[in-house]
Amino acid sequence: MQRTLRTLLVLACTTGAAVSSLAFAAEQHSPSAGSAKPLAGLRVLLSNDDSMQAAKASHADGLGLYEIRKALCEAGADVVVMAPWQVQSGKGTAVTNGGTLTLARRTELPAGYGGDCSGTPSGSPVFGICLSTGPCAPDSASATPSDTVKFALRTGLAAKAGWKDGPDLVVTGINSGPNISAQVNDSGTVGAAIAAVDQGVPAIALSSSGDASQMQFPVANYRAHARFAAAFIAGLRARDLFTDRFALKVDYPDVSAGQRAKAPQWTSVGHGQVVWHAYEAKSAGGSDSYDITMGRCPGRPADACTETVVDADSTALLERGHITVAPITADRTYGVRTDGGRDLRRIEQYVTRHAPRS
(Lines give C-alpha, C1' and ligand atoms only; values in the text may rest on other atoms or scores of the structure.)
Protein backbone atom coordinates (compact mmCIF):
# COMPACT_ATOMS: atom_id res chain seq x y z
CA MET A 1 0.00 0.00 0.00
CA GLN A 2 2.79 2.44 0.91
CA ARG A 3 4.63 1.98 -2.37
CA THR A 4 1.36 2.31 -4.29
CA LEU A 5 0.64 5.54 -2.47
CA ARG A 6 4.11 6.82 -3.17
CA THR A 7 3.69 6.35 -6.93
CA LEU A 8 0.47 8.36 -6.86
CA LEU A 9 1.72 11.32 -4.86
CA VAL A 10 2.13 14.67 -6.58
CA LEU A 11 4.16 17.15 -4.58
CA ALA A 12 6.22 20.30 -4.62
CA CYS A 13 9.45 19.50 -2.78
CA THR A 14 10.92 22.98 -2.57
CA THR A 15 7.82 24.78 -1.38
CA GLY A 16 6.34 22.18 0.96
CA ALA A 17 2.98 22.61 -0.78
CA ALA A 18 0.17 20.21 0.09
CA VAL A 19 0.11 16.89 -1.75
CA SER A 20 -2.31 16.73 -4.65
CA SER A 21 -5.81 15.81 -3.52
CA LEU A 22 -6.26 13.77 -6.71
CA ALA A 23 -3.53 11.39 -5.62
CA PHE A 24 -5.18 10.82 -2.26
CA ALA A 25 -8.59 10.47 -3.88
CA ALA A 26 -7.24 7.39 -5.60
CA GLU A 27 -6.69 5.95 -2.15
CA GLN A 28 -10.30 6.84 -1.17
CA HIS A 29 -9.35 8.97 1.81
CA SER A 30 -8.56 12.30 0.23
CA PRO A 31 -8.83 15.79 1.65
CA SER A 32 -11.19 18.12 -0.13
CA ALA A 33 -9.67 20.32 -2.81
CA GLY A 34 -8.02 23.36 -1.30
CA SER A 35 -8.07 21.97 2.23
CA ALA A 36 -6.13 24.18 4.63
CA LYS A 37 -5.29 21.27 6.93
CA PRO A 38 -1.91 19.76 6.02
CA LEU A 39 -2.70 16.26 7.31
CA ALA A 40 -6.22 16.02 5.88
CA GLY A 41 -6.91 12.47 4.72
CA LEU A 42 -3.94 10.97 6.57
CA ARG A 43 -4.80 7.89 8.64
CA VAL A 44 -2.65 7.49 11.74
CA LEU A 45 -2.34 4.60 14.19
CA LEU A 46 -1.23 6.01 17.54
CA SER A 47 0.34 3.90 20.29
CA ASN A 48 2.93 4.30 23.04
CA ASP A 49 4.50 2.45 25.96
CA ASP A 50 3.03 4.63 28.72
CA SER A 51 -0.56 3.32 28.42
CA MET A 52 -3.71 5.29 27.67
CA GLN A 53 -4.63 5.84 31.32
CA ALA A 54 -3.28 9.38 31.87
CA ALA A 55 -4.19 9.26 35.57
CA LYS A 56 -0.93 10.00 37.40
CA ALA A 57 -0.07 13.44 38.72
CA SER A 58 3.42 13.05 37.25
CA HIS A 59 1.90 12.70 33.73
CA ALA A 60 4.04 9.62 33.20
CA ASP A 61 1.23 7.27 32.12
CA GLY A 62 0.05 8.45 28.74
CA LEU A 63 -0.84 12.13 28.85
CA GLY A 64 1.55 12.74 25.97
CA LEU A 65 -0.54 10.41 23.82
CA TYR A 66 -3.54 12.72 24.18
CA GLU A 67 -1.50 15.82 23.32
CA ILE A 68 -0.20 14.35 20.06
CA ARG A 69 -3.65 12.94 19.26
CA LYS A 70 -5.08 16.45 19.62
CA ALA A 71 -2.38 18.05 17.45
CA LEU A 72 -2.70 15.46 14.70
CA CYS A 73 -6.49 15.76 14.57
CA GLU A 74 -6.28 19.57 14.51
CA ALA A 75 -4.00 19.22 11.47
CA GLY A 76 -6.65 17.08 9.74
CA ALA A 77 -5.50 13.52 10.42
CA ASP A 78 -7.83 10.65 11.28
CA VAL A 79 -6.29 9.07 14.39
CA VAL A 80 -7.05 5.71 16.01
CA VAL A 81 -5.39 4.84 19.32
CA MET A 82 -4.48 1.25 20.20
CA ALA A 83 -2.16 1.42 23.18
CA PRO A 84 -1.07 -0.77 26.10
CA TRP A 85 -3.54 -1.08 28.96
CA GLN A 86 -0.83 -0.60 31.59
CA VAL A 87 2.48 1.26 31.57
CA GLN A 88 4.95 -0.82 29.57
CA SER A 89 8.02 1.38 29.74
CA GLY A 90 11.26 -0.49 29.07
CA LYS A 91 9.65 -3.34 27.14
CA GLY A 92 11.66 -2.68 23.98
CA THR A 93 10.47 -4.88 21.12
CA ALA A 94 8.97 -7.56 23.39
CA VAL A 95 5.92 -9.46 22.14
CA THR A 96 3.49 -11.84 23.83
CA ASN A 97 3.49 -15.36 22.40
CA GLY A 98 0.24 -16.73 23.80
CA GLY A 99 -2.99 -15.92 25.57
CA THR A 100 -5.81 -13.57 24.61
CA LEU A 101 -5.81 -9.87 23.76
CA THR A 102 -8.86 -7.85 24.77
CA LEU A 103 -9.68 -4.28 23.77
CA ALA A 104 -11.18 -1.78 26.19
CA ARG A 105 -12.58 1.30 24.46
CA ARG A 106 -12.26 4.45 26.54
CA THR A 107 -15.52 6.36 26.36
CA GLU A 108 -14.58 9.17 28.76
CA LEU A 109 -11.26 10.75 27.87
CA PRO A 110 -9.07 12.75 30.26
CA ALA A 111 -10.40 16.18 31.17
CA GLY A 112 -9.82 18.68 28.41
CA TYR A 113 -9.35 16.14 25.61
CA GLY A 114 -12.88 14.85 25.05
CA GLY A 115 -13.73 16.68 21.83
CA ASP A 116 -10.32 16.75 20.19
CA CYS A 117 -11.03 14.41 17.28
CA SER A 118 -14.77 14.82 16.83
CA GLY A 119 -15.96 14.41 13.27
CA THR A 120 -13.14 12.23 11.96
CA PRO A 121 -14.17 9.42 9.58
CA SER A 122 -13.26 6.69 12.07
CA GLY A 123 -14.57 8.55 15.12
CA SER A 124 -10.98 8.31 16.46
CA PRO A 125 -11.60 5.71 19.17
CA VAL A 126 -9.12 5.20 22.00
CA PHE A 127 -8.48 1.57 22.92
CA GLY A 128 -6.35 0.06 25.66
CA ILE A 129 -5.29 -3.54 25.08
CA CYS A 130 -4.91 -6.00 27.94
CA LEU A 131 -4.11 -9.69 28.26
CA SER A 132 -7.39 -11.17 29.44
CA THR A 133 -10.10 -13.58 28.36
CA GLY A 134 -12.66 -11.16 29.78
CA PRO A 135 -13.04 -7.39 30.08
CA CYS A 136 -9.90 -5.47 31.03
CA ALA A 137 -9.81 -4.86 34.79
CA PRO A 138 -7.65 -2.34 36.69
CA ASP A 139 -5.12 -5.06 37.51
CA SER A 140 -5.18 -6.85 34.14
CA ALA A 141 -1.84 -7.59 32.55
CA SER A 142 -1.07 -5.47 29.51
CA ALA A 143 -0.19 -6.05 25.91
CA THR A 144 3.28 -4.79 25.05
CA PRO A 145 3.78 -1.79 22.77
CA SER A 146 4.85 -4.06 19.90
CA ASP A 147 1.80 -6.26 20.55
CA THR A 148 -0.50 -3.27 20.09
CA VAL A 149 1.03 -2.23 16.76
CA LYS A 150 1.18 -5.74 15.31
CA PHE A 151 -2.38 -6.46 16.41
CA ALA A 152 -3.65 -3.17 15.02
CA LEU A 153 -1.96 -3.60 11.64
CA ARG A 154 -2.91 -7.22 11.17
CA THR A 155 -6.41 -7.29 12.67
CA GLY A 156 -7.49 -4.46 14.95
CA LEU A 157 -7.79 -1.50 12.56
CA ALA A 158 -9.80 -3.46 10.03
CA ALA A 159 -12.12 -4.80 12.74
CA LYS A 160 -12.60 -1.63 14.79
CA ALA A 161 -11.99 1.27 12.39
CA GLY A 162 -12.83 -0.25 9.01
CA TRP A 163 -9.33 0.45 7.69
CA LYS A 164 -8.79 -2.42 5.29
CA ASP A 165 -5.61 -0.98 3.76
CA GLY A 166 -4.25 1.43 6.35
CA PRO A 167 -2.86 3.21 8.20
CA ASP A 168 -0.62 5.59 6.28
CA LEU A 169 1.58 6.26 9.30
CA VAL A 170 2.21 4.90 12.79
CA VAL A 171 3.07 7.42 15.51
CA THR A 172 4.26 6.23 18.92
CA GLY A 173 4.41 8.45 22.01
CA ILE A 174 4.70 11.07 23.18
CA ASN A 175 6.83 9.22 25.71
CA SER A 176 7.43 10.50 29.24
CA GLY A 177 11.17 11.08 29.08
CA PRO A 178 13.67 11.01 26.22
CA ASN A 179 14.70 7.81 24.47
CA ILE A 180 18.33 8.36 23.62
CA SER A 181 21.69 6.61 23.40
CA ALA A 182 21.96 3.12 24.90
CA GLN A 183 18.43 3.30 26.33
CA VAL A 184 16.93 3.26 22.82
CA ASN A 185 17.05 -0.54 22.82
CA ASP A 186 14.99 -0.61 26.03
CA SER A 187 12.31 1.76 24.78
CA GLY A 188 8.84 0.40 24.14
CA THR A 189 8.00 3.60 22.26
CA VAL A 190 10.83 2.94 19.84
CA GLY A 191 10.08 -0.80 19.81
CA ALA A 192 6.51 -0.11 18.68
CA ALA A 193 7.81 2.07 15.82
CA ILE A 194 10.20 -0.70 14.77
CA ALA A 195 7.26 -3.14 14.75
CA ALA A 196 5.51 -0.82 12.29
CA VAL A 197 8.36 -0.52 9.78
CA ASP A 198 8.86 -4.27 10.02
CA GLN A 199 5.28 -4.53 8.71
CA GLY A 200 5.96 -2.06 5.89
CA VAL A 201 4.32 1.01 7.47
CA PRO A 202 6.20 4.31 8.01
CA ALA A 203 6.65 5.18 11.68
CA ILE A 204 7.79 8.01 13.93
CA ALA A 205 8.63 7.61 17.64
CA LEU A 206 8.18 10.74 19.80
CA SER A 207 9.69 11.27 23.26
CA SER A 208 9.74 14.39 25.46
CA SER A 209 12.10 15.34 28.26
CA GLY A 210 10.87 15.71 31.80
CA ASP A 211 11.50 18.76 33.96
CA ALA A 212 14.78 19.42 35.74
CA SER A 213 14.00 16.75 38.33
CA GLN A 214 13.22 14.14 35.64
CA MET A 215 10.42 12.98 37.95
CA GLN A 216 7.65 15.14 36.50
CA PHE A 217 6.60 15.43 32.87
CA PRO A 218 5.03 18.84 32.31
CA VAL A 219 2.12 19.32 29.93
CA ALA A 220 4.11 22.22 28.42
CA ASN A 221 6.73 19.81 27.10
CA TYR A 222 4.18 17.44 25.61
CA ARG A 223 2.25 20.30 24.06
CA ALA A 224 5.28 21.94 22.46
CA HIS A 225 6.45 18.60 21.13
CA ALA A 226 2.99 17.78 19.76
CA ARG A 227 2.79 21.08 17.87
CA PHE A 228 6.25 20.55 16.44
CA ALA A 229 5.56 16.91 15.54
CA ALA A 230 2.35 17.68 13.65
CA ALA A 231 4.15 20.33 11.57
CA PHE A 232 7.17 18.04 11.12
CA ILE A 233 4.98 15.20 9.86
CA ALA A 234 3.16 17.59 7.52
CA GLY A 235 6.51 18.60 6.03
CA LEU A 236 7.52 14.98 5.53
CA ARG A 237 4.21 14.26 3.88
CA ALA A 238 4.37 17.24 1.54
CA ARG A 239 7.81 16.17 0.36
CA ASP A 240 6.86 12.49 -0.05
CA LEU A 241 9.34 11.47 2.65
CA PHE A 242 7.33 8.79 4.43
CA THR A 243 9.40 5.60 4.26
CA ASP A 244 9.24 2.11 5.71
CA ARG A 245 12.99 1.52 5.31
CA PHE A 246 13.59 2.94 8.78
CA ALA A 247 11.71 4.71 11.55
CA LEU A 248 12.42 8.23 12.74
CA LYS A 249 13.06 8.94 16.41
CA VAL A 250 12.26 12.51 17.49
CA ASP A 251 13.22 13.67 20.99
CA TYR A 252 12.24 17.05 22.42
CA PRO A 253 14.08 19.03 25.12
CA ASP A 254 12.66 20.43 28.35
CA VAL A 255 10.95 23.78 27.69
CA SER A 256 8.81 23.85 30.83
CA ALA A 257 10.70 26.78 32.39
CA GLY A 258 10.06 28.98 29.38
CA GLN A 259 13.17 28.22 27.34
CA ARG A 260 12.83 27.52 23.60
CA ALA A 261 13.78 24.31 21.90
CA LYS A 262 16.72 24.79 19.56
CA ALA A 263 16.52 23.88 15.88
CA PRO A 264 16.21 20.20 14.91
CA GLN A 265 19.48 18.35 14.48
CA TRP A 266 20.10 15.18 12.52
CA THR A 267 21.85 12.85 14.96
CA SER A 268 23.01 9.30 15.50
CA VAL A 269 21.93 7.06 18.35
CA GLY A 270 24.62 7.39 20.99
CA HIS A 271 26.34 4.48 22.71
CA GLY A 272 26.72 5.82 26.24
CA GLN A 273 24.39 5.15 29.15
CA VAL A 274 22.06 7.95 30.25
CA VAL A 275 19.93 5.97 32.69
CA TRP A 276 21.60 3.29 34.76
CA HIS A 277 19.84 0.14 35.99
CA ALA A 278 21.20 -1.26 39.23
CA TYR A 279 20.25 -4.31 41.29
CA GLU A 280 20.56 -4.13 45.06
CA ALA A 281 20.19 -7.06 47.44
CA LYS A 282 17.22 -6.61 49.76
CA SER A 283 19.29 -7.71 52.74
CA ALA A 284 22.86 -8.63 53.48
CA GLY A 285 24.01 -12.19 53.79
CA GLY A 286 23.17 -13.84 50.52
CA SER A 287 19.62 -12.69 49.80
CA ASP A 288 18.04 -14.09 46.67
CA SER A 289 15.92 -10.96 46.19
CA TYR A 290 17.21 -7.80 44.55
CA ASP A 291 15.56 -4.41 44.16
CA ILE A 292 15.70 -2.86 40.71
CA THR A 293 16.82 0.76 40.99
CA MET A 294 17.39 3.39 38.35
CA GLY A 295 19.49 6.52 38.33
CA ARG A 296 21.03 9.02 35.94
CA CYS A 297 24.62 9.01 34.80
CA PRO A 298 27.21 10.22 35.72
CA GLY A 299 28.31 8.67 38.97
CA ARG A 300 28.36 5.21 37.44
CA PRO A 301 31.21 3.43 35.62
CA ALA A 302 32.86 6.08 33.49
CA ASP A 303 33.30 3.82 30.46
CA ALA A 304 29.55 3.11 30.38
CA CYS A 305 28.41 6.67 31.00
CA THR A 306 30.82 8.43 28.64
CA GLU A 307 29.36 9.21 25.23
CA THR A 308 31.77 8.43 22.39
CA VAL A 309 29.56 9.13 19.36
CA VAL A 310 30.36 12.58 17.98
CA ASP A 311 26.85 13.40 16.76
CA ALA A 312 25.01 11.56 19.55
CA ASP A 313 21.34 12.29 20.18
CA SER A 314 21.93 12.57 23.94
CA THR A 315 24.57 15.28 23.60
CA ALA A 316 22.49 17.45 21.26
CA LEU A 317 19.33 17.03 23.36
CA LEU A 318 20.54 17.17 26.95
CA GLU A 319 23.61 19.40 26.69
CA ARG A 320 22.62 21.77 23.88
CA GLY A 321 18.82 21.78 24.02
CA HIS A 322 18.13 20.80 20.41
CA ILE A 323 15.24 18.78 19.03
CA THR A 324 16.94 15.62 17.79
CA VAL A 325 16.01 13.35 14.91
CA ALA A 326 17.66 9.99 14.29
CA PRO A 327 16.92 7.15 11.86
CA ILE A 328 16.52 3.76 13.51
CA THR A 329 16.05 0.11 12.63
CA ALA A 330 15.96 -2.95 14.85
CA ASP A 331 19.76 -3.12 14.97
CA ARG A 332 20.27 0.66 15.39
CA THR A 333 22.74 0.76 12.49
CA TYR A 334 20.74 2.34 9.68
CA GLY A 335 22.93 4.56 7.57
CA VAL A 336 25.89 2.21 7.16
CA ARG A 337 23.99 0.25 4.52
CA THR A 338 23.77 1.11 0.86
CA ASP A 339 20.05 0.39 0.44
CA GLY A 340 17.76 3.32 1.04
CA GLY A 341 20.54 5.88 1.03
CA ARG A 342 18.54 8.31 -1.09
CA ASP A 343 15.67 8.32 1.41
CA LEU A 344 18.15 8.89 4.22
CA ARG A 345 19.81 11.85 2.48
CA ARG A 346 16.52 13.51 1.56
CA ILE A 347 15.14 13.28 5.10
CA GLU A 348 18.42 14.55 6.59
CA GLN A 349 18.22 17.54 4.23
CA TYR A 350 14.63 18.19 5.29
CA VAL A 351 15.55 18.04 8.99
CA THR A 352 18.54 20.33 8.68
CA ARG A 353 17.11 22.87 6.20
CA HIS A 354 13.33 22.87 6.13
CA ALA A 355 11.83 21.29 9.27
CA PRO A 356 9.89 23.54 11.68
CA ARG A 357 12.20 25.14 14.22
CA SER A 358 10.18 24.51 17.43
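Scanning the stretch 178-220 for residues that are closer than 26 Å to Ser256 by Cα, surrounded by fewer than 24 Cβ atoms within 10 Å (Cβ to Cβ) and at pLDDT below 95 yields a total of 10. Tell me, yes or no, whether the stretch 274-296 has at least one residue that is among the polar types (S, T, N, Q), within 29 Å of Ile194 (Cα to Cα) and in contact (Cβ under 8 Å) with a residue 24 or more places away in the chain. No: zero hits.
Tyr290 falls short on exactly one of the conditions (1) under 25 Å from Gly321 (Cα atoms); (2) open to solvent by 70 Å² or more (accessible area, probe 1.4 Å); (3) over 26 Å from the mean Cα position of the chain (by Cα), and that condition is (1).
For the condition open to solvent by 20 Å² or more (accessible area, probe 1.4 Å) and within 21 Å of Ala205 (Cα to Cα), what is the one hit in Val95, Val80, Val44? Matching residue, one of Val95, Val80, Val44: Val95.
Scanning the stretch 228-240 for any residue that is in contact with a helix residue (DSSP H, G or I) (Cβ under 7 Å, 6 or more places away or on another chain) and under 17 Å from Tyr66 (Cβ atoms) turns up at least one such residue. Here Gly173 clears all of (1) modelled with pLDDT of 95 or more; (2) on the phi < 0 side of the Ramachandran plot; (3) not polar (S, T, N, Q) except the condition numbered (2). Counting only residues that are in contact with a helix residue (DSSP H, G or I) (Cβ under 7 Å, 6 or more places away or on another chain) and either part of a helix (DSSP H, G or I) or modelled with pLDDT under 80 (or both), the stretch 298-313 holds 2 of them.
Once the stretch 130-164 is narrowed to residues that are of a type in the set (Ser, Thr, Tyr), part of a helix (DSSP H, G or I) and in contact (Cβ under 8 Å) with a residue 24 or more places away in the chain, the residue that is surrounded by the fewest Cβ atoms within 10 Å (Cβ to Cβ) is Ser146.
The values are calculated or read from the model by the stated rules, or taken from the named source; none is laboratory data. Every value quoted in this text rests on a predicted model; they were computed, and no experiment measured them. Cβ atoms come from the backbone with ideal geometry, glycine included; neighbour counts cover every protein chain shown. We work out accessible area using only protein heavy atoms, side chains counted, and drop any ligands, DNA or RNA first. Shrake-Rupley method; radii C 1.70, N 1.55, O 1.52, S 1.80 Å.
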